[in-house]
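The values are calculated or read from the model by the stated rules, or taken from the named source; none is laboratory data. None of the values given here were measured: they were computed from a predicted structure. So basically every Cβ, Gly included, is an ideal-geometry build from the backbone, and we count neighbours across all protein chains shown.
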Amino acid sequence: MVVSPKRRVTKAVIPAAGKGTRLLPLTKAAPKEMLPLGRKPVLHHIVDELLDAGIDQILFVVSEDKACIFKYFDDGSSRFSSVIQPVQRGLADAVLCAEEFAAGDPIAVALGDSVITSGEDAHITKRLLKAYETLDAACMIAVEEVPEADAPRYGIVKPKIEPSDVFEIDDLIEKPPIDQLPSNLAIAGRYILDASIFDIIRHLKPGALGELQLTDAIRLLLKSDRRVWCSKLRKTERRRDIGTFASYFEAVIAECCADKEFGEQMKKLSADS
């Protein structure tokens, strides 16, 4: 099958401007996206994921005090660039900072504090990109099943039909009350967006937490009769948010135990403790 150049995604945006207040005082020393996770910083794992999926241009959306992120990845090539988000007004606002970088092309978006590990060759990001190439979608979203009690913490999607590996949705909502959950499928920090999203964000009103929510922008895509599809994380995939000490410690332990050289030793130490 020949894929239209307009459907091939080669650019990715990594929003990484957040303050990391739940990880203070550690984040006074380094941005949470640059905290060590095994042998590499958190963000390095995400960059490797994108490059492995076929992305060849990556834009970091950062705050003024996170210049170390671009400095770490700057290899003298044109693969990496950065832009300052002057005020952190939400994820949708961070995406809007990438409009010039996108230059009318579709983009992948990978949250800079969300690491997804996979035991398969077909990582969720690869599957999103492949599905976008073939579907009539304005947006692709990675989702995962979460316990119902946890669902109000996330953006939640409403499938059109019984969800399979790839499925279409007809609604989504940011942080819904537990008695209004459309499903237990939470947005998992990976998106593919076509360039129409930028004009929608420009006219977006603040939503949950008083911020410009990407979930709300995608909802407006749906209301304009654009189609939105999702792909589910598989049983071998695990998303780890580096947002709290509990989730960060869990991610560090998992990564150390998966290390090819020291993994077995780390597993024994973990069991003994």
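Just to be sure, is ASP48 acidic (Asp, Glu), closer than 22 Å to LEU129 by Cβ and in a loop (DSSP other than H, G, I, E, B)? Criteria not met by ASP48. Out of ASP75, ASP52, ASP56, one residue alone is over 30 Å from LYS205 (Cβ atoms), touching a Ser or Thr at 6+ places or on another chain (Cβ under 6 Å) and among the acidic types (Asp, Glu). It is ASP56. No other residue among GLY189, GLY210 is farther than 25 Å from SER82 by Cβ and small (Gly, Ala, Ser) apart from GLY210. Starting from residues that are β-branched (Val, Ile, Thr) and crowded, with 21+ Cβ neighbours inside 10 Å, keep the ones in region 174-196 and report whichever is modelled with the highest pLDDT. Here the answer is ILE192. Put simply, of PRO36, PRO15 the only residue that is surrounded by fewer than 16 Cβ atoms within 10 Å (Cβ to Cβ), under 22 Å from ILE116 (Cβ atoms), out of contact with any Phe, Trp or Tyr (no Cβ under 8 Å at 6 or more places or on another chain) and in contact (Cβ under 8 Å) with a residue 40 or more places away in the chain is PRO36. Within region 52-64, residues that are surrounded by 20 or more Cβ atoms within 10 Å (Cβ to Cβ) and modelled with pLDDT under 95 sit with their Cβ atoms under 6 Å from residues that are assigned to a strand (DSSP E or B) and not acidic (Asp, Glu), at 6+ positions apart or across chains, in these pairs: VAL62/SER82. Filtering region 197-218 to residues that are buried (at least 19 other Cβ atoms within 10 Å of the Cβ) and part of a helix (DSSP H, G or I) leaves ILE197, PHE198, ILE200, ILE201, LEU214, THR215, ASP216, ALA217, ILE218. Summed over region 147-168, residues that are surrounded by fewer than 13 Cβ atoms within 10 Å (Cβ to Cβ) and either in a helix (DSSP H, G or I) or of a type in the set (Lys, Arg) (or both) total 4. Out of the residues in region 124-146 that are part of a helix (DSSP H, G or I) and of a type in the set (Val, Ile, Thr), which is surrounded by the fewest Cβ atoms within 10 Å (Cβ to Cβ)? Among those that are part of a helix (DSSP H, G or I) and of a type in the set (Val, Ile, Thr), it is THR134.
Restricting attention to region 103-121, the residues being more than 17 Å from the chain's Cα centre (by Cα) and aliphatic (A, V, I, L, M) number 1. The single condition among (1) within 26 Å of VAL13 (Cα to Cα); (2) small (Gly, Ala, Ser); (3) at pLDDT below 90 that SER247 does not meet is (3). Taken over region 22-45, the criterion of being touching a strand residue (DSSP E or B) at 6+ places or on another chain (Cβ under 9 Å) and assigned to a loop (DSSP other than H, G, I, E, B) is satisfied by ALA30, PRO31, LEU35.
Restricting the search to helices (runs of 4 or more DSSP H) fully inside region 67-123 and requiring at least 2 residues that are hydroxyl-bearing (Ser, Thr, Tyr) and in contact with a strand residue (DSSP E or B) (Cβ under 9 Å, 6 or more places away or on another chain) gives an empty result.
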